[in-house]
C-alpha cells in the first residue's frame with residue numbers, strides 16, 4: 001500500500017510532467033487539456049497534504 | 001443586467017447554483033489570480049483560482065467590447081473561459097450539509113478524481129449555453145452560443161459520458177439526468193449515488209436479501225472505482241489518443257458492470273425445484289360416471305402435483321391441474337395393469353408425458 005507521502009511525491013512528479021508536456025505543445029487545445037489535468041492533480045496534491 | 005467582468009464574477013456562482021439545482025455552493029466568494037501555470041482551481045478552502053491570461057482577461061474583454069461583433073476565435077476564447085469558470089464552480093456544488101472536509105477526504109479515494117473531473121467537465125460543456133443565457137451573455141457577445149469548444153479531460157470525459165448515459169438507460173431516465181444528479185454531489189456522494197442508481201435499476205432489490213445489499217453495492221463500487229482509476233493512465237497522452245482509450249475503457253467497464261450485475265442477480269435468483277407428481281395406483285375400481293375431485297377420498301387421489309407457487313413451472317402446474325384422477329378412468333380391463341411397484345416420483349416433463357400416454361389428461 002502506497003503511503004500518503006509517497007503518493008504526494010508521485011503526484012508532484014506527474015504535475016511537473018504534465019506541465020512540461022503542456023509547455024512543449026503548439027496546439028492550444030492540447031495545451032489546455034494537459035494544463036487542466038495538471039490543475040486537477042494540484043487539487044489532489046493539496047488534498048493529500050496533512 | 002451584468003455590464004462588467006466584476007459583475008459577472010459576483011453573479012457567476014449563483015447562476016451555476018441555479019442551473020444545477022444543487023442545494024449549496026462551498027465557494028467562499030473569493031477569487032484569487034492563479035500562479036504556477038494553473039488555469040482554474042477550486043481550492044479546498046473555498047477560494048477560486050483563475051488564470052489571468054486564459055480566464056480573467058478574456059472575461060474583461062467580453063464586457064469591454066460588449067455588443068460588438070466578434071470573430072469565431074474570440075467567441076471560442078470567451079466560451080473556454082466561461083466553461084472553466086462553470087467547471088470550477090461545479091466542484092463547489094453539493095447537497096445540504098456537504099462539507100469540503102468530507103469532499104477532500106473522498107477525493108483521495110481511487111476513482112474519485114476521474115469521476116468528479118469527468119462529470120464537472122462534461123456537465124459544464126453540456127450546460128454552457130444555459131449558463132450563458134442565465135447570465136445574459138448572449139447580448140454582450142452575440143453569436144457566442146453558435147460556436148463550439150472541445151472539452152478537456154480527454155482521459156475522463158468519454159468514459160463518463162458512456163457511463164452516465166448507460167445509467168440513464170438502465171434507470172429509464174431522461175438523457176443527461178444521471179450526469180445532472182452526479183454534478184450536484186461532492187466527491188463524498190458521487191460514487192454512492194452512481195452505485196445506488198445502478199443497484200436500484202437492476203433486479204437485485206427484488207432478489208437479494210436486504211442485509212446483503214451493502215456488500216453487493218460495495219463490490220460494485222470497488223470494481224467501478226478501480227476501472228475509473230485506470231483512466232488516469234491516459235492523462236499525459238494527446239487528446240485524440242486519450243479520447244479513444246477512454247471510450248474503449250468505458251465500453252469495457254460497462255461490459256464488466258453488466259456481467260457483474262447478471263452474476264449477482266443469478267446468485268440471488270431462487271432455483272426452481274423440479275415439479276413432482278406422486279402417482280399412486282388406484283385403490284378401487286373406478287365408479288361409473290365422472291365424479292368431481294372434491295368427492296374423491298384423499299387416499300384415492302393418486303396424482304398430486306407440487307410446484308413452488310411462483311416458480312417458472314407454475315404454468316405447467318396449472319396445465320396439470322385439470323388432470324383427471326385415475327378414479328375416473330375407464331374400466332380396468334381397458335387399461336394397462338396397475339403397477340405393482342410403490343408410488344413413483346418422476347420429473348414433471350415425464351409426468352406430463354405419462355399422463356397423456358395413459359389417457360388421463362385427454363378427456
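The values are calculated or read from the model by the stated rules, or taken from the named source; none is laboratory data. It should be emphasised that the depicted structure is a prediction, and the values quoted were computed from it without experimental measurement. Neighbour counts run over all protein chains shown; Cβ positions are idealised from the backbone, glycine included.
Among residues of the range A:19-30 being within 15 Å of residue B:239 (Cβ to Cβ) and part of a helix (DSSP H, G or I), the one that is farthest from the other protein chains (Cβ to nearest Cβ) is A:24. Check the range B:106-126 and report whether any residue there is at pLDDT 95 or above and away from every other protein chain (no Cβ under 14 Å). Yes, because at least one residue in the range B:106-126 is at pLDDT 95 or above and away from every other protein chain (no Cβ under 14 Å). For the range B:19-36, filtered to residues that are in contact (Cβ under 8 Å) with a residue 24 or more places away in the chain and not in a loop (DSSP other than H, G, I, E, B), the residue that is farthest from residue B:87 (Cα to Cα) is B:24. Inspection of the range B:71-81 identifies at least one residue that is in contact with a strand residue (DSSP E or B) (Cβ under 9 Å, 6 or more places away or on another chain) and within 18 Å of residue B:7 (Cα to Cα).
Residues checked against (1) more than 9 Å from chain B (Cβ to nearest Cβ); (2) loosely packed, with under 15 Cβ neighbours inside 10 Å; (3) assigned to a helix (DSSP H, G or I):
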| residue | (1), (2), (3) |
| --- | --- |
| A:2 | yes, yes, no |
| A:8 | yes, no, yes |
| A:17 | no, no, yes |
| A:32 | no, no, yes |
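In the range B:6-18, is there at least one residue being surrounded by 14 or more Cβ atoms within 10 Å (Cβ to Cβ), outside any helix (DSSP H, G or I) and within 34 Å of the chain's Cα centre (by Cα)? Scanning the range B:6-18 turns up no residue that is surrounded by 14 or more Cβ atoms within 10 Å (Cβ to Cβ), outside any helix (DSSP H, G or I) and within 34 Å of the chain's Cα centre (by Cα). The criterion of being more than 16 Å from residue B:160 (Cβ to Cβ) and in contact with a helix residue (DSSP H, G or I) (Cβ under 8 Å, 6 or more places away or on another chain) holds for residue B:199.
Among the helices (runs of 4 or more DSSP H) confined to the range B:145-227, the ones with at least 3 residues that are under 30 Å from residue B:13 (Cα atoms) and touching a residue at least 12 places away in the same chain (Cβ under 8 Å) are located at B:157-171, B:177-183, B:187-201.
The condition of being away from chain A (no Cβ under 14 Å) and touching a strand residue (DSSP E or B) at 6+ places or on another chain (Cβ under 9 Å) does not hold for residue B:190.
All of B:94, B:118 fail the test of being under 23 Å from residue B:246 (Cα atoms) and either touching a helix residue (DSSP H, G or I) at 6+ places or on another chain (Cβ under 9 Å) or not assigned by TED's automatic domain parsing to the domain that holds residue B:242 (or both), apart from B:118.
In this structure, does residue A:49 turn out to be surrounded by fewer than 19 Cβ atoms within 10 Å (Cβ to Cβ) and either closer than 22 Å to residue B:116 by Cβ or within 9 Å of another protein chain (Cβ to nearest Cβ) (or both)? Here the answer is yes, as residue A:49 does meet what is asked.
In the range B:29-46, of all residues being in contact with a helix residue (DSSP H, G or I) (Cβ under 9 Å, 6 or more places away or on another chain) and away from chain A (no Cβ under 14 Å), the one that is surrounded by the most Cβ atoms within 10 Å (Cβ to Cβ) corresponds to B:31.
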